[in-house]
Ligand SMILES: Cc1cc2nc3c(=O)[nH]c(=O)nc-3n(C[C@H](O)[C@H](O)[C@H](O)COP(=O)(O)OP(=O)(O)OC[C@H]3O[C@@H](n4cnc5c(N)ncnc54)[C@H](O)[C@@H]3O)c2cc1C
């Protein structure tokens, strides 16, 4: 059995990594477990042939001073860059404002790799249950490996976190449970197209049309992260929902039909294509708080309680900024709770 941790964090996305850093900065011993092969979650960058494409978050904005302070350090370290101050909606009319949109220089997953440095992280460790053990918790992954901790942090999309809670027969505080269960997510289909030919995207190589079937189209080569012309296409929530049960080839045909008129008569051909399905892409009704820290009575009969922390983009205003702030503030709060 592994050594006792102050906290085991389920999920190495932005919120989990940020909470891990906040806790370790406060002197806590932390282990992060993620079911995927590498950290990042929805900060995802995929290789297609010799090129690379961001498949999850495309860029981020900054409004909170604490997030701005972190982004300033990432800028200084050369991890992120200002990509644009707005996007065209396809009309070729400039829609710029005063707000920088940032992206990571080597693809958004590079930001996760940077934040993961120095942390104890186990990949391909899908947590199946947590059980109360004495004054703490025993976390078990799907291979049967066990990890002991004083506290458990859930940073996955809330329905995935609640599945672990239910499989573990944990009685959450009813009000906390109801608040979490009320959070709904939008699904998102993403097409990655390696394209030969001229793709008519306005500067800086991206188009945002929230109400169109293809709501986001970006050229990863012009973004500076791909050697080849790899286009990321996000489908709107409604379009994703309508196409979800189709095969990849069928989805691709629908994308091609919607894309053709946008190409302005340019000659282009698809060399390679992949479809990525995000079941939980964005929370539709995030909670207005930064995190949810709840207590569960331990099994020793002493009447003491043990903490469970829920963080992620379901809090703090959602998106990249919300995930960061939720992890930061939830991690700090848990650190204080653990003493
Ligand atoms: C297509 C798409 C486009 C987006 N575009 C933008 C954008 O342009 N700007 C923006 O600000 N935001 C955008 N977002 C949202 C942004 O990516 C997220 O808000 C943010 O990355 C969420 O981070 P998180 O840590 O909360 O969750 P996640 O990144 O989802 O991390 C959760 C982690 O938990 C792991 N996990 C789940 N279950 C288990 C388990 N049982 N055991 C172990 N590990 C588990 C997962 O593997 C994952 O790594 C986009 C999202 C998507 C999907």
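In the stretch 13-72, the qualifying residues are those that are within 8 Å of the ligand (Cβ to nearest atom) and over 27 Å from residue 85 (Cα atoms), and the one that is surrounded by the fewest Cβ atoms within 10 Å (Cβ to Cβ) is 36. Taking the conditions exactly as written (at negative phi, in a helix (DSSP H, G or I) and either at pLDDT below 95 or over 17 Å from the mean Cα position of the chain (by Cα) (or both)), does residue 111 satisfy them or not? Judged against the criteria, residue 111 is not a match. Applying a threshold of 8 Å to beta carbon distances and a minimum spacing of six or more residues, or different chains, the list of pairs starting in the stretch 48-60 at a residue that is within 18 Å of residue 278 (Cα to Cα) and ending at one that is modelled with pLDDT under 95 and within 11 Å of the ligand (Cβ to nearest atom) reads 58/206. Filtering the stretch 267-284 to residues that are outside any strand (DSSP E or B) and either out of contact with any strand residue (DSSP E or B) (no Cβ under 6 Å at 6 or more places or on another chain) or at pLDDT 95 or above (or both) leaves only 284.
Taken together, 287, 207 contain a single residue that is in a loop (DSSP other than H, G, I, E, B), within 16 Å of the ligand (Cβ to nearest atom) and crowded, with 19+ Cβ neighbours inside 10 Å, which is 287. Of all residues in the stretch 117-155, exactly one satisfies the criterion of being in contact with a helix residue (DSSP H, G or I) (Cβ under 8 Å, 6 or more places away or on another chain), near the ligand (Cβ under 10 Å from one of its atoms) and not in a strand (DSSP E or B), namely 155.
Here the stretch 186-204 is the region considered, the condition is being surrounded by fewer than 20 Cβ atoms within 10 Å (Cβ to Cβ) and within 15 Å of the ligand (Cβ to nearest atom), and the residue that is farthest from residue 267 (Cα to Cα) is 186. Could you tell me whether the stretch 240-257 includes any residue that is more than 14 Å from the ligand (Cβ to nearest atom), farther than 30 Å from residue 328 by Cβ and in a strand (DSSP E or B)? Checked against the condition, which is being more than 14 Å from the ligand (Cβ to nearest atom), farther than 30 Å from residue 328 by Cβ and in a strand (DSSP E or B), the stretch 240-257 yields no hits at all.
Checking 233, 225 one by one, the residue that is out of contact with any helix residue (DSSP H, G or I) (no Cβ under 7 Å at 6 or more places or on another chain), at pLDDT 95 or above and either closer than 24 Å to residue 102 by Cβ or in a loop (DSSP other than H, G, I, E, B) (or both) is 225 and no other. When every residue of the stretch 292-306 is checked against the conditions, at least one turns out to be within 14 Å of the ligand (Cβ to nearest atom), on the phi < 0 side of the Ramachandran plot and either touching a residue at least 12 places away in the same chain (Cβ under 8 Å) or part of a helix (DSSP H, G or I) (or both). Just so you know, in the stretch 1-12 the residues that are more than 10 Å from the ligand (Cβ to nearest atom), in contact with a strand residue (DSSP E or B) (Cβ under 7 Å, 6 or more places away or on another chain) and part of a loop (DSSP other than H, G, I, E, B) include one that is modelled with the highest pLDDT, and it is 4.
The values are calculated or read from the model by the stated rules, or taken from the named source; none is laboratory data. This structure is a prediction, so every number in the text was calculated from the model and none was measured. No Cβ is skipped: glycine too gets one built from the backbone with ideal geometry, and neighbour counts run over all protein chains shown.
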